[in-house]
Amino acid sequence: MKQRLTVFLQAVIVLISIVALAIMIRLPLIEGRAENLDLFSIYLDPFILYGYATSVVFFVALYKVFKLLGYIGQNKEFSPNPVRALRSIKHCAIIFSILIGMAGLYIRIFHNKEDDPAGFLALSIVIIFASIVVAAGAVVFEKILQKGMELKSENEKITSGQKINLTQ
């Protein structure tokens, strides 16, 4: 049951990655900034390039979640690798929220006076809060796994000590 659930969740992560990549490819062609640009100029727009650079952190986090689910599926929850994966997810979420915040500030300060940046700013705030929630969740799970690793190592010491005493 656990193996099927982790494979299902990994498939969901792959699906999220594919949808996000499709949106990143298609959205610049239909959004407002690209109305008067040719195909080459669309993908050289600095704001779109910034969005692609920011998305690298998002995809790294998705990859780390995929790996974390693999460790869980292999019953290796209480080992150093899942803790490292959670730490990476936490760092990616923090970096992602900072990058989105910087994009929101850029739009707020340098937007065209005829445009209304409220939608983008609202979306930026929601994404920042979601990233902070992901980072906080990663911290909680990281601490739980570290505590589990400590308990597991103490349990192994106790059981190995009992075996030694029995053989003497």
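The values are calculated or read from the model by the stated rules, or taken from the named source; none is laboratory data. The model shown is predicted, which means the values in this text are computed figures rather than measured ones. Please note: Cβ atoms are built from the backbone with ideal geometry, for glycine as well, and neighbour counts cover all protein chains shown.
Numbers for the structure displayed
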| quantity | calculated |
| --- | --- |
| Breaking point among (1) free of Cβ contacts under 8 Å to residues at least 40 places away in the same chain; (2) among the hydrophobic types (A, V, I, L, M, F, W, C); (3) surrounded by 12 or more Cβ atoms within 10 Å (Cβ to Cβ), for Ile23 | (3) |
| From the options Val56, Val60, Val65, residue that is at pLDDT 95 or above and surrounded by fewer than 15 Cβ atoms within 10 Å (Cβ to Cβ) | Val56 |
| Subset tally (residues that are of a type outside the set (Lys, Arg) and modelled with pLDDT of 85 or more) for segment 15-40 | 11 |
| Residue list for segment 142-168, restricted to those being among the hydrophobic types (A, V, I, L, M, F, W, C) and either more than 19 Å from Val83 (Cα to Cα) or at pLDDT 95 or above (or both) | Ile158, Ile164, Leu166 |
| Qualifying residue in segment 78-91 (condition: in contact with a Gly (Cβ under 7 Å, 6 or more places away or on another chain), surrounded by 12 or more Cβ atoms within 10 Å (Cβ to Cβ) and closer than 30 Å to Ser153 by Cβ) | yes |
